[in-house]
1. What residue, among those in the range A:118-133 that are part of a helix (DSSP H, G or I), more than 7 Å from chain B (Cβ to nearest Cβ) and not hydroxyl-bearing (Ser, Thr, Tyr), is farthest from B:Val26 (Cα to Cα)?
2. Can you confirm whether the range B:136-155 contains a residue that is away from chain A (no Cβ under 11 Å), under 30 Å from B:Ser40 (Cβ atoms) and modelled with pLDDT of 80 or more?
3. Would you be able to say whether some residue in the range A:76-88 is of a type outside the set (S, T, N, Q), at the interface with chain B (Cβ under 10 Å from one of its Cβ atoms) and assigned to a helix (DSSP H, G or I)?
4. Could you list, in sequence order, all residues of the range B:228-242 that are assigned to a helix (DSSP H, G or I) and either within 13 Å of another protein chain (Cβ to nearest Cβ) or under 11 Å from B:Leu196 (Cβ atoms) (or both)?
5. Only residues in the range A:253-268 that are under 21 Å from A:Leu179 (Cβ atoms) count as the first member; pair them with residues that are in a loop (DSSP other than H, G, I, E, B) and modelled with pLDDT under 75, Cβ under 7 angstrom, at least 6 apart or cross-chain, and list the lot.
6. Checking A:His164 against (1) free of Cβ contacts under 8 Å to residues at least 24 places away in the same chain; (2) farther than 30 Å from A:Val38 by Cβ, which test does it fail?
7. Can you tell me how many residues in the range B:90-117 are surrounded by 14 or more Cβ atoms within 10 Å (Cβ to Cβ) and facing chain A (nearest Cβ under 9 Å)?
There are 2 protein chains.
Amino acid sequence: IERLVLKVWTFLKKAWDLGVADPRKVIHCLKVGMALTVVSLVYYLRPLNEGVGKNAMWAVMTVVVVFENNVGASLYKCLNRVTGTFLAGVLAVGVHWVATQSGEKFEPIIVGAAVFLLASAATFSRFIPTVKARFDYGAVIFILTFSLVSVSGYRVDKLIDMAHQRLSTIIIGTSLCILISMLVCPIWAGQELDLLITRNMDKLANSLDGCISEYFDSSEDAVDDEESQKKLQGYRCVLNSKATEESMANFARWEPAHGRFNFRHPWKQYLKIGASMRNCAYCIEALNSCINSENQAPDYIKKHLSDICFRVSSNSSNVIRELALMIKTMRKSTKIDFLVGEMNIAVQELQNDLKSLPTSLLPPPPPPPSPPLPEAETTPESKQRETISNTAATVPLIEVIPLVTLASLLIEIATRIEGIVDT
Amino acid sequence: IERLVLKVWTFLKKAWDLGVADPRKVIHCLKVGMALTVVSLVYYLRPLNEGVGKNAMWAVMTVVVVFENNVGASLYKCLNRVTGTFLAGVLAVGVHWVATQSGEKFEPIIVGAAVFLLASAATFSRFIPTVKARFDYGAVIFILTFSLVSVSGYRVDKLIDMAHQRLSTIIIGTSLCILISMLVCPIWAGQELDLLITRNMDKLANSLDGCISEYFDSSEDAVDDEESQKKLQGYRCVLNSKATEESMANFARWEPAHGRFNFRHPWKQYLKIGASMRNCAYCIEALNSCINSENQAPDYIKKHLSDICFRVSSNSSNVIRELALMIKTMRKSTKIDFLVGEMNIAVQELQNDLKSLPTSLLPPPPPPPSPPLPEAETTPESKQRETISNTAATVPLIEVIPLVTLASLLIEIATRIEGIVDT
């Protein structure tokens, strides 16, 4: 029993931490509770109940299944639900009328066939990507309403009455949902997406900087505090945020103008930017594996390149940060061209340094310089020395190459984003 | 109008292609249609209807919302639905009883407060990751049932009767769903996951091979047929399959023993393998950017390394393929240790080749060999020549390095997977 209590306790602790970490989740819960209580009480207090009838149950159900964390998702579900119910209702009444006209015997056959065909077709439509993205929920509701209405077995005139009532209760439910989710501490999917992208950009810039400084400072400090480690791992968030970005962009499309965003804000551009950021993060991942690799370059060679590498990384991350700022302010920055130019210059310099590296470093400081001999005549001793100088010449290349790849990729991405973001 | 017809036509064409590409989707749709028709007709034909009562509507609804593409998802939803309904029903009856005992005036207050509290709490629980993974749908159903029952305003004894009926209809619906989804052409989430992972492994191996051959053959053929290009891009599937893997593993947990899989098959291992595969795919992504980069090594240097690179890549991809086979047959392969050993030897050789490269290639075949002089005394002419030989010495390193990274990563991954997969 004690273990059970402990388990429950840790579970509650975790839940509490979650709530403290993101109070908006708690607010969302309270909003759901509120909406549901309002609907329930409307239903519970009989006098009000008369007009809407027994169907008020549908209002409760609508609130429960439609209320989502952000406005876009709620709107998407509401509109889908209303449209799906309406379409299915009309169709079902039509099928029902045909069935009753065709006599007792054929009635169940016609109804059954109609349900089978339409349910199959609607289910299939859910597999089509464009439909899935926008009308998935609507299709479910369509199937549900159609089969419920067409098998209800009422006469057509009563059916129309019922359909009318049900639609009106659903509209009551959805409008309550929309009102509460839009007015009480709204969470806009678009804003979330915007925040996610800009925050990811900052993380990317931080982990790029962190990688380079970690790589070149590793000799001095082995402190590796959690803070910097966390910064370094920031690019992982970028790698993993694809699904979130897509669903957010999907919901954001349904949202009306809010804050700095218009109704037809180009949400798809965010996805493109996200994809380029992931491309970039792949490179940082490769770079990171260099840091953790076993064969490290000797320090004196690292020093030789550290300045220019720091320059490249800080210039690149400045470009990313400036882009994040551009997206935040939605204004074309005047500084961006300058920053990209500076980054390009730094990359060019790094490339030149790399080219001149083997010559300039063949005489490494600690061992006395030995001009390499033609291979055929090498004595074992000089050969060994050569391998030393060779590793000295090659190893830093091994370590630095990803930087060049990264930098050139960054340029490509930066220029591409530059073209894209002219909102 | 013509454009509209054309649009509808292309849409239908797309849908048809989708159906042809994956006939199981069509079968799933027919299954849904079948289940729904059976339930509807049961409801439609009055005589059978008496026992289950008006609540039969709930059976239809259950079928619509519970029936999913694979068995695991259906089971998950069914169990969640039944449990959620049952728990909520019991709680709601309790709350209702308390409310009726406390008199007319407090009744709505108590009911309202209970709905508010429980709805908020259940909504909040949906944010907790472990609950979200396993009981998300159950929480929704809990809220729904609780608010419906507690505000229904019936007397307690009638309520119990109703709850009993509703639960029984839901059980009828769910068992029909489970039967149809498990007996008629079942699609098991576990099997799908297994297939996805092994297929992704093959794709990874193919695109690794493709990358290397593309890189070293690029001089000869510019045919770039679609087939090989598609193979090359296979690693992108690996990068993008994270969400699918996770949901599949989540559903697979609910499935009973089927085919080669036991009930408590270690599905989580698949996720780990998937993660290591993604790590590997990041490297291939970096490698791929080398292929498309502008500065390519001269051919004679490529030739020098092509043999060993081919060896490394084919050995690595053999290891991956063998791992895929191991997962497919679920048997520890005797060959795997041998293959890993061979791969390690190849990697070691490649590293040695790289180390000896600058010396052995300083005299490039086309220009006459010139032994590099100490820097201070270089004439402009010799300096230029040196840069040539230097670029010759450095550029192939730039291109080959990711291979080494990749190979060493592969080893790491391979050994890790080796440890994991002993199912």
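1. A:Ala133
2. Yes, the range B:136-155 contains a residue that is away from chain A (no Cβ under 11 Å), under 30 Å from B:Ser40 (Cβ atoms) and modelled with pLDDT of 80 or more.
3. From the range A:76-88, those of a type outside the set (S, T, N, Q) are A:76-79, A:81-82, A:84, A:86-88; that's our starting set.
Now narrow it down to the ones that are at the interface with chain B (Cβ under 10 Å from one of its Cβ atoms): none.
Taking every residue of the range A:76-88 in turn, none turns out to be of a type outside the set (S, T, N, Q), at the interface with chain B (Cβ under 10 Å from one of its Cβ atoms) and assigned to a helix (DSSP H, G or I).
4. B:Tyr235, B:Arg236, B:Cys237, B:Val238, B:Leu239, B:Asn240, B:Lys242
5. Between residues of the range A:253-268 that are under 21 Å from A:Leu179 (Cβ atoms) and residues that are in a loop (DSSP other than H, G, I, E, B) and modelled with pLDDT under 75, the close pairs are A:Pro256/A:Phe263; A:Ala257/A:Phe263.
6. (2)
7. Going through the range B:90-117 one residue at a time, the tally reaches 7.
The values are calculated or read from the model by the stated rules, or taken from the named source; none is laboratory data. What you see is a predicted model, and the numbers here were worked out from it, not measured in a lab. Methodologically, a virtual Cβ is constructed for each residue, glycine included, from the backbone with ideal geometry; neighbour enumeration extends over all protein chains shown.
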